[in-house]
Amino acid sequence: MDNDGIMELDHYNFNRFVSKSEFVPVLFYQPHCHDPWNIIPEYEKASRILRREDSSVILTKLDTSKQINFYPVYYCRISSVPQIKILKSVGGIKKIEDYYHVFCDAQLMVENFKRLIFHYPAKINSPYDANKFIQHLKKTAVIVGVFPEFSGKDYDNFIVVADMLRWDYDFCITLDADLLPLGGSPVSGRVVRMFISFDNGFVDTEDFNVDAMVKFIKEESIPLITIYDHHPQQLVDNILADRRNDKVILFTEEASSEGANDFDTKYREVANKYKGQGLIFMAGGLHASKALSEYFGHITSKEPLIVIKNSRVGEYMRRQDWMNSIRREYVRRDVQASELETWVDDYKAGKVARFEISERIPEENNGDVKVVVGANYWDIVMESKENVLLGLYLPQFDNQLKFDSILCEVAKHFKDENDDDVIIAKSDVSVNDVRSENPYDIRIVRDSPTFYLIPSDGGYMSMYSNNDFTAEDLIDLINTRRYNLLKEPRTTDAEDMDSTDSPPRDIDLPVALIAVTDDEKGSSK
């Protein structure tokens, strides 16, 4: 273990340790990767807290920059780092789950990790417990199961649902319904009461079927239509952070304007039609929803506008396979109330074209530094058979001249080396939307030029952002993080490389799936 009490996993001990543990949090990282969400320091802080508390929870980490660790990376479907995965045994089967870190905080990690092992859901035994768990909603909803005793089929089904949905909702159990708030609505017998931050503040169900409870929680935990300027900001933030459902947002004039009632009526009809079918409906005024419009970046005039944000992301794939599962945006400007249902129907049927912000593709793009726009991003970057260093910039950056000159210097370096396995490219993200064509979270970081190295094998991406960047920094990034079929796999520790390991013999086959038999070893001697 390191100084923070985190156990270092690798190719050799990963299977052995994971198979013997019922619950294993794993941080997948690279030593020099940029960490804009402070996941790594908060994870280390969480480990120190657990160690001080003498907890049995052991945090682990794995360095994805070592080629020999390819199998755990492939097994856990890691597409970017840093990233936390939870490996948990359920009925003898190892389940792999994401740890969602919308707000990455060490103390919150500790609470989440501990409650996954010890006595979850939380028990409400006093008014203090009820106030602690219910009065201050941290997520979209708090679900409380009221039982005469903590046993029986209904109780077991509730625990199954709590385990399934624990990342998205808080679950509690109690034997005393009088401890719950909203005393004017008494509870009798077995019941599931869900506390929410809108409408009447709670909804109940007495159906303890697992599928029925899951459907009830998912459909009733958010409003039919979330009004950005009306509902609690925490609820809106949680909905925008949801990665399982597409967001449909209608921007209109204020409610008092002519025709607003027509939009409201028709939009509610559409929301009811698609309730529980993977769409979350939101709405806001064109003027009042400034923050929401900035989030989508399409509000440029006063006409009614509808946007669908496709947030579903597929499992780990090579980059050539991301086409059908990447994040996308779909926009209809100057939409009429009568067109809302038809347009959403067409979207569900796959008939709506993706919205694209892009400059024109340059007629001549044969320079040492390629110009990437929204329309050619996929061709130059994602479908390239070379390693691509992509520099993102904004025209207002003070170091724009430095950005251009250093990229040219890097391109010249690899040209002089006769290295045609590297492409240097740049993109002005103020007028080109490369995010919607990208499986990764590509963006400008810390208001400075940001560089991404996308390896040719479709593996995980490396990022570099620093105002004091130099050509040597970028050359080093490329040489250490690139993929080269002709070279030995890279490792930072020669002792970590087994003598039988070799580069993949076919670029389409992952290293972890290439088996070398004893006969093959003997014949190669």
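The values are calculated or read from the model by the stated rules, or taken from the named source; none is laboratory data. These numbers were taken from a predicted model, which means no experiment stands behind them. All Cβ positions, glycine included, derive from the backbone under ideal geometry; neighbour counts span all protein chains shown. The accessibility values were calculated without ligands, DNA or RNA, using every heavy atom of the protein model including side chains. Shrake-Rupley method; radii C 1.70, N 1.55, O 1.52, S 1.80 Å.
Kindly evaluate TYR71 against the criterion of being in contact (Cβ under 8 Å) with a residue 24 or more places away in the chain, part of a helix (DSSP H, G or I) and buried (at least 20 other Cβ atoms within 10 Å of the Cβ). Give the steps one after another, and end with the answer.
Working: in contact (Cβ under 8 Å) with a residue 24 or more places away in the chain: yes; part of a helix (DSSP H, G or I): yes; buried (at least 20 other Cβ atoms within 10 Å of the Cβ): no.
Spelling it out, it is not the case that TYR71 is in contact (Cβ under 8 Å) with a residue 24 or more places away in the chain, part of a helix (DSSP H, G or I) and buried (at least 20 other Cβ atoms within 10 Å of the Cβ).
Condition check ((1) open to solvent by 30 Å² or more (accessible area, probe 1.4 Å); (2) among the acidic types (Asp, Glu)) across all residues:
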{"site": "PHE195", "(1), (2)": "no, no"}
{"site": "ASP199", "(1), (2)": "yes, yes"}
{"site": "LYS215", "(1), (2)": "yes, no"}
{"site": "LEU224", "(1), (2)": "yes, no"}
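Please enumerate the residues belonging to the stretch 209-221 that are more than 13 Å from ILE143 (Cα to Cα) and outside any helix (DSSP H, G or I).
Result: ASN209, single match.
How many residues are buried (at least 16 other Cβ atoms within 10 Å of the Cβ) and under 25 Å from TYR228 (Cβ atoms) when one looks only at the stretch 201-213?
Step one: of the stretch 201-213, the residues buried (at least 16 other Cβ atoms within 10 Å of the Cβ) are 202-203, 205, 208, 213.
Now drop any that are not under 25 Å from TYR228 (Cβ atoms), which leaves 202-203.
Here the count works out to 2.
Scan the stretch 23-68 for residues that are outside any loop (DSSP other than H, G, I, E, B) and either farther than 22 Å from TYR452 by Cα or within 22 Å of the chain's Cα centre (by Cα) (or both) and report the count.
26
Scan the stretch 9-22 residue by residue and report those that are more than 29 Å from TYR464 (Cα to Cα) and part of a helix (DSSP H, G or I).
Once the filter is applied, which keeps residues that are more than 29 Å from TYR464 (Cα to Cα) and part of a helix (DSSP H, G or I), the stretch 9-22 yields ASN15, ARG16, PHE17, VAL18, SER19.
If we scan the stretch 428-435, do we find a residue that is in contact with a Lys or Arg (Cβ under 7 Å, 6 or more places away or on another chain), buried (at least 20 other Cβ atoms within 10 Å of the Cβ), of a type in the set (S, T, N, Q) and at pLDDT 75 or above?
There is no residue in the stretch 428-435 that is in contact with a Lys or Arg (Cβ under 7 Å, 6 or more places away or on another chain), buried (at least 20 other Cβ atoms within 10 Å of the Cβ), of a type in the set (S, T, N, Q) and at pLDDT 75 or above.
Being closer than 23 Å to LYS412 by Cα and in contact with a Cys (Cβ under 8 Å, 6 or more places away or on another chain), is that true of even one residue in the stretch 373-393?
no
What are the residues in the stretch 19-68 that are among the basic types (Lys, Arg) and touching a residue at least 40 places away in the same chain (Cβ under 8 Å), if any?
Of the stretch 19-68, the ones among the basic types (Lys, Arg) are 20, 45, 48, 51-52, 61, 66.
Answer for the stretch 19-68, where residues must be among the basic types (Lys, Arg) and touching a residue at least 40 places away in the same chain (Cβ under 8 Å): LYS45, ARG48, ARG51, LYS61, LYS66.
If you go through the stretch 201-210 one residue at a time, do you hit one that is more than 23 Å from the chain's Cα centre (by Cα) and either of a type in the set (Lys, Arg) or on the phi > 0 side of the Ramachandran plot (or both)?
Taking every residue of the stretch 201-210 in turn, at least one turns out to be more than 23 Å from the chain's Cα centre (by Cα) and either of a type in the set (Lys, Arg) or on the phi > 0 side of the Ramachandran plot (or both).
For the subset of the stretch 328-352 comprising residues that are among the small types (Gly, Ala, Ser) and exposed (fewer than 15 other Cβ atoms within 10 Å of the Cβ), which member is nearest to MET282 (Cα to Cα)?
Ranking the candidates gives SER338 first.
Just give me the residues in the stretch 260-303 being open to solvent by 30 Å² or more (accessible area, probe 1.4 Å), assigned to a loop (DSSP other than H, G, I, E, B) and either modelled with pLDDT under 80 or within 24 Å of VAL431 (Cα to Cα) (or both), in sequence order.
Across the stretch 260-303, the qualifying residues are HIS287, ALA288, GLY297, ILE299, THR300, SER301, LYS302, GLU303.
Output the residues belonging to the stretch 86-112 that are at pLDDT 80 or above and open to solvent by less than 30 Å² (accessible area, probe 1.4 Å).
The answer is ILE86, LEU87, ALA106, MET109, VAL110.
Quick one: count up the residues across the stretch 305-334 that are at pLDDT 75 or above, of a type in the set (A, V, I, L, M) and over 18 Å from LYS275 (Cβ atoms).
Adding up the residues that qualify gives 3.
This table checks each residue for (1) modelled with pLDDT of 80 or more; (2) under 18 Å from SER427 (Cβ atoms); (3) under 21 Å from the mean Cα position of the chain (by Cα).
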{"position": "GLN336", "(1), (2), (3)": "yes, no, no"}
{"position": "TRP343", "(1), (2), (3)": "yes, no, no"}
{"position": "LYS348", "(1), (2), (3)": "yes, no, no"}
{"position": "ARG354", "(1), (2), (3)": "no, yes, yes"}
{"position": "GLU364", "(1), (2), (3)": "yes, yes, no"}
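What number of residues in the stretch 341-393 are over 25 Å from ASN466 (Cα atoms) and among the hydrophobic types (A, V, I, L, M, F, W, C)?
10
Looking at the structure I just gave you, is GLU356 in a loop (DSSP other than H, G, I, E, B) and loosely packed, with under 14 Cβ neighbours inside 10 Å?
No; evaluated as a whole, the condition is false for this residue.
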